[in-house]
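The values are calculated or read from the model by the stated rules, or taken from the named source; none is laboratory data. Since this is a predicted model, take the numbers as computed values, not measurements. Cβ: placed from backbone, ideal geometry, glycine included. Neighbour counts: every protein chain shown.
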Amino acid sequence: MKLSNKHIAIILSTFLFNITFGQSITETPHNLSISGPGAIKATSESEICIFCHTPHRSSPRNPLWNREDQGINYTLYNSSTLHANPGQPDGSSILCLSCHDGTIALGNILSREEMISFSGNIMNLPSGKTNLESDLSDDHVISFTYSSQLSAQDGELKEPSTLVNKVRLENSKLQCISCHDPHINLTNDFLVETNEYSVLCINCHEKDGWNNSSHKNSAQNWSGSGIDPWPNSSYSTVSQNGCENCHVPHNAEGKKRNLNYFVEENNCIVCHNGNVASTDIQNQLTKFYKHDVNNYLNIHDPVELNTLTQMHVECIDCHNPHKANNSSAQAPFANGFIKGVKGVDTDGLSKSEIDYQYELCYRCHADSPTKPGSVTSRQIEQNNTRQEFDISNPSFHPVEGPGKNNNVPSLLSPYSESSYIYCTDCHASDGSNSPKGPHGSSNNQILKYNYNTIYGAVESYQSYELCYQCHSRDVIINGTGSFSRKVHYKHIIQKNIPCNFCHDPHGISSTQGNQTNNSHLINFDLSEAEPLNGILQFTDNGNFSGSCYLICHGRNHATQAFY
């Protein structure tokens, strides 16, 4: 028999594989003959290549294909972040699927009149990770043209001309054989090269910030407690698993973006529960006050507007897993934990990547129509934190810039009148050794320390522990200046009036207040303060001097002066 050029190419290719890699298909699970090493094999058939190829009676498909076409339509992968335009599987991918979609019996080949029988009476490929079924929406996208145009449009795909390693395109398309070599299985799952440290993935994917991220570089391993974060992996550290800490290329539970889990936060919590990462975020999310990621499902979308129009919070709203790292920063600059996330700047404009921490908080707590409101009913109502912290305001806590008051004797070191603070200096997980950030707290408003807002409560360090992190309790209550003794001592100690009664902790917008009546964060709590003769007002009379006109704690303050 005279061999065709295609025949010769197949033989030479197999021969070269054996020489180069020291392995032939006979040693892989794709040897479905009786001599095969895998659990799935024929009961008596001794030929090996016949399950895919035949020199006679082959289908029109190359290379000498020995299986029928499936004749079905597949459900394709799709997501809001997909720039490729995949079609129905073609090329080598449709050949692979003739076994791996489970629709055609393994022993049903064109060159045999009778079906080849398999041990255990197996007919089709059993259910499991290798049976992709006809729903490919949970698998890495295939059968799309990988072009320079696509690379430019996506922004994080490498230029196809740079694919010079083992990943290869087939007629300019990415197909199954781009990642898998059906004849060689030296790296498990027939991968063309190892995916340890994401070596295979980064042939095509060039995620911005990945090289400096913790998920690429962390040497943390699993403690052995709880759920195994890498049940299908032979690698033991975060860096070794790389992309597959979160993503799985086939049969993904989280179909969009091929995530390991359907529930978004589970992709994070499986490691960030103290069993891999050093901090236990999962425990913080059991507290009463929290950013409740468990309360939302499939609302977040990576391409959603920076200013949220539908209330939700997920881990990836605040953390970019491809860029996050443990680098530190000084207020107001964003640290590495929130690097690469979206935000809103001081003018209400969208930012694709924040520079300052408060720009992240403004996504939900500024101009969002679904932002949460204040727990205190105030004389001036303002729930837009961007407007509350504006440096043009009559008073504000120094989040965007140093405060207006140049004489604050109560400040504790290292704070001064020129200091900045983070939102998370006040809003963060409570308790010693808790992870940074506002994940969950036992205190109202996810406060890091207790902040009493109840009228009539006895003053103590614990009652106003939040305030006393920056302001000296001794100076506030017992300061030598007459202002402290006459105002703070009388109200906080003698009358049991909380700080929150007079002071609005964020700030008062310049569009609503003024320097005369709303300096020093004065914005009265209406649950206790009442107008006197129709007037409810504080007046700033200069340094450590002011007066009130209102009814509070059962008394009329008719231009009651404090000096």
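Residues in segment 339-355: is at least one assigned to a loop (DSSP other than H, G, I, E, B), of a type in the set (Ser, Thr, Tyr), within 18 Å of Trp210 (Cα to Cα) and without any contact (Cβ under 8 Å) to a residue 60 or more places away in the chain?
yes
Please work out which one of (1) free of Cβ contacts under 8 Å to residues at least 60 places away in the same chain; (2) under 23 Å from the mean Cα position of the chain (by Cα); (3) in a loop (DSSP other than H, G, I, E, B); (4) surrounded by fewer than 17 Cβ atoms within 10 Å (Cβ to Cβ) is the condition Asn211 fails and give its number.
(3)
In the set Asp367, Asp430, which member is outside any strand (DSSP E or B), within 24 Å of the chain's Cα centre (by Cα), of a type outside the set (Ser, Thr, Tyr) and closer than 27 Å to Leu526 by Cα?
On the way: Asp430 fails: closer than 27 Å to Leu526 by Cα.
Unique residue meeting the criteria: Asp367.
Quick check on segment 509-557: of everything there that is among the aliphatic types (A, V, I, L, M) and in contact with a Leu (Cβ under 6 Å, 6 or more places away or on another chain), which residue is farthest from Val487 (Cα to Cα)?
Result: Leu532.
Of all residues in segment 41-81, how many are part of a loop (DSSP other than H, G, I, E, B) and more than 30 Å from Leu259 (Cβ to Cβ)? Break it down stepwise before answering.
Step one: list which residues in segment 41-81 are part of a loop (DSSP other than H, G, I, E, B), which gives 41, 43-48, 52, 54-64, 66-74, 76-81.
When the remaining residues are screened for being more than 30 Å from Leu259 (Cβ to Cβ), the result is 41, 43-48, 52, 54-64, 66-69, 71.
Matching residues across segment 41-81 total 24.
Among the candidates Ser429, Ser472, single out the residue that is touching a residue at least 60 places away in the same chain (Cβ under 8 Å) and either in contact with a Gly (Cβ under 7 Å, 6 or more places away or on another chain) or of a type in the set (Lys, Arg) (or both).
Answer to the check: Ser429.
Do we find that Ser119 is surrounded by fewer than 17 Cβ atoms within 10 Å (Cβ to Cβ), under 26 Å from the mean Cα position of the chain (by Cα), of a type outside the set (Phe, Trp, Tyr) and closer than 30 Å to Gly102 by Cβ in this structure?
In short, no.
Against the condition aliphatic (A, V, I, L, M), more than 19 Å from the chain's Cα centre (by Cα), part of a helix (DSSP H, G or I) and crowded, with 19+ Cβ neighbours inside 10 Å, how does Ile177 come out, does it pass?
Numbers: aliphatic (A, V, I, L, M): yes; more than 19 Å from the chain's Cα centre (by Cα): yes; part of a helix (DSSP H, G or I): yes; crowded, with 19+ Cβ neighbours inside 10 Å: yes.
For Ile177, the condition - aliphatic (A, V, I, L, M), more than 19 Å from the chain's Cα centre (by Cα), part of a helix (DSSP H, G or I) and crowded, with 19+ Cβ neighbours inside 10 Å - is met.
When residues of segment 278-307 are filtered for being basic (Lys, Arg) and assigned to a loop (DSSP other than H, G, I, E, B), how many remain? Even if it seems obvious, please write down each step before you answer.
Of all residues in segment 278-307, those basic (Lys, Arg) come to 287, 290.
Next, only the ones that are assigned to a loop (DSSP other than H, G, I, E, B) stay: 287.
Counting residues in segment 278-307 that are basic (Lys, Arg) and assigned to a loop (DSSP other than H, G, I, E, B) gives 1.
List pairs: first in segment 130-156 and in contact (Cβ under 8 Å) with a residue 40 or more places away in the chain, second β-branched (Val, Ile, Thr) and crowded, with 16+ Cβ neighbours inside 10 Å, Cβ under 7 Å, 6+ apart or cross-chain?
Ser134/Thr103
Mind checking which residues of segment 521-550 are over 15 Å from Gln379 (Cα atoms) and touching a Ser or Thr at 6+ places or on another chain (Cβ under 8 Å)?
Asp540, Asn541, Phe544, Gly546, Ser547
On the basis of being in contact with an Asp or Glu (Cβ under 7 Å, 6 or more places away or on another chain), hydroxyl-bearing (Ser, Thr, Tyr) and surrounded by fewer than 19 Cβ atoms within 10 Å (Cβ to Cβ), does Tyr261 make the cut? Let's see the steps before the verdict.
On the way: in contact with an Asp or Glu (Cβ under 7 Å, 6 or more places away or on another chain): yes; hydroxyl-bearing (Ser, Thr, Tyr): yes; surrounded by fewer than 19 Cβ atoms within 10 Å (Cβ to Cβ): yes.
For Tyr261, the condition - in contact with an Asp or Glu (Cβ under 7 Å, 6 or more places away or on another chain), hydroxyl-bearing (Ser, Thr, Tyr) and surrounded by fewer than 19 Cβ atoms within 10 Å (Cβ to Cβ) - is met.
For segment 319-372, what are the residues that are surrounded by fewer than 17 Cβ atoms within 10 Å (Cβ to Cβ), modelled with pLDDT under 95 and farther than 24 Å from Ile269 by Cβ?
Pro369, Thr370
Among the residues of segment 186-240, what is the count of those that are in contact with a His (Cβ under 9 Å, 6 or more places away or on another chain) and modelled with pLDDT of 95 or more?
14
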